[in-house]
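The structure appears right after this line, and notes come after that.
The values are calculated or read from the model by the stated rules, or taken from the named source; none is laboratory data. This one's a predicted model, so the numbers in the text were calculated from it and none came from an experiment. Glycine gets a Cβ as well: all are built from the backbone with ideal geometry, and neighbour counts include every protein chain shown. Remember, those area values only see protein heavy atoms, side chains included, never the ligands or the DNA or RNA. Shrake-Rupley method; radii C 1.70, N 1.55, O 1.52, S 1.80 Å.
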Amino acid sequence: MDKAKRKAIIAGNWKMNKTPKEATELLNAIAPLVADADCEVIACVPYVDLAAAIEATKGTNIKIGAENCHWAASGAFTGEISTGMLTEIGVEYVVLGHSERRQYFGETDETVNKRTKAALAAGLKPIVCVGELLWERECNITEEVIARQIKLDLWDVTEEELKNVVIAYEPVWAIGTGKTATADQAEEVCAFIRAQLAKLYNQDAADAVTIQYGGSMNDGNADELVSKTNVDGGLIGGASLVAEKFAAIVKAASK
Ligand code: 13P
C-alpha cells in the first residue's frame, strides 16, 4: 500500500486552551475553511469543550477528539474521564500518551497501553503519541526510545484493532519550541515507526497505519512535511488555535 492509499489526518490538539464558548467560535471559523478538505480533519479539545464542539461541528466534516481517557469503565478515579463518557456524547478520537502527560503527569508506557486498549474496546480511535527527548536524540538512542514506546504502548493491541490506531511522532524537543524537525528527520522516524509496526504485525498492517508528525508544524512548513512518504498528516498544537493557519495545514495535506 502506498501513501496515496492511506488516510491523511490533520488533527488539532488544543491542549488547555479555549473555553466552551471560544471553542464554538473557533470551530465556526474553521468549518467553512476546511469544508472541501481531502483529508480527515479532527479537533481534540478539553473535556468541558467536547459537548459544545460536537454541537458546533454537526453537519460538517470535522470530527471531535478528547485529549485523554481513563482505562476503567467507572470508579474512584478523581479527575479522570472514562471512554463511555466520551462515546456517549459522540467523541470519535482520543489523544493518548502525549509527551505533556508523560512529562508533567506521570504517564508511563504502561498507562498509555491501558488507556489505548480501553479506548479501542470502546470504539474510540486513539492517536498514540511517541517521541524522544532532546537528550535522547543527542545520545543517539531515538530509535531505541521509539521502538520501546511503540512496542509497549501497543502491547496486546490486535492487528484488527491496529486499523483504528493513529500514531503521532512528536519529538519532544520540537513541541511548542518553534523548532520543527526537518522534513527528512520526520520522515526518517515515521519510516522507522512503520518498520517497527511491520515487525510487530506485518507489512500490510503497517502500511495501512496513519502516522502523523507533530511539533511546531504550521502553515509555513506543513507542505514539505506532509509531502514525505511516511508522514500522513499532522498533530498540531499552537497553529490549530488559529483558524486560517489550521485551514492552511489542512489544505497542504489535501493536495
Ligand atoms: P505545537 O504544534 O504547539 O508545537 O504542539 C505540538 C503538539 O504537541 C501537538 O500534540
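Observations, loosely collected:
Yes/no matrix, rows are residues, columns are (1) exposed (fewer than 15 other Cβ atoms within 10 Å of the Cβ); (2) farther than 14 Å from GLY215 by Cα; (3) polar (S, T, N, Q):
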| position | (1), (2), (3) |
| --- | --- |
| VAL94 | no, yes, no |
| ILE141 | no, yes, no |
| ALA147 | no, yes, no |
| TRP155 | no, yes, no |
| GLU159 | yes, yes, no |
| ALA183 | no, no, no |
| GLU188 | no, yes, no |
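- Lone qualifier among LYS7, LYS15 - being surrounded by fewer than 24 Cβ atoms within 10 Å (Cβ to Cβ) and at positive phi: LYS15
- Breaking point among (1) open to solvent by 10 Å² or more (accessible area, probe 1.4 Å); (2) assigned to a helix (DSSP H, G or I); (3) of a type outside the set (Ser, Thr, Tyr), for ASP219: (2)
- Odd one out for GLY90 among (1) within 16 Å of the ligand (Cβ to nearest atom); (2) within 15 Å of VAL45 (Cα to Cα): (1)
- Cβ pairs under 6 Å, 6+ apart, first in segment 8-31 and closer than 16 Å to ASN218 by Cβ, second in a strand (DSSP E or B) and among the small types (Gly, Ala, Ser): ILE10/GLY233; ILE10/GLY234; GLY12/ALA43
- ALA119 being at pLDDT 95 or above, surrounded by fewer than 22 Cβ atoms within 10 Å (Cβ to Cβ) and on the phi < 0 side of the Ramachandran plot: no
- Residue pairs whose Cβ atoms lie under 6 Å apart, separated by 6 or more positions or on different chains, with the first residue in segment 157-170 and within 16 Å of the ligand (Cβ to nearest atom) and the second polar (S, T, N, Q) and not in a helix (DSSP H, G or I), are VAL166/THR210; ALA168/GLN212.
- Unmet criterion (only one of (1) in a loop (DSSP other than H, G, I, E, B); (2) more than 9 Å from the ligand (Cβ to nearest atom); (3) open to solvent by 60 Å² or more (accessible area, probe 1.4 Å)) for LYS228: (3)
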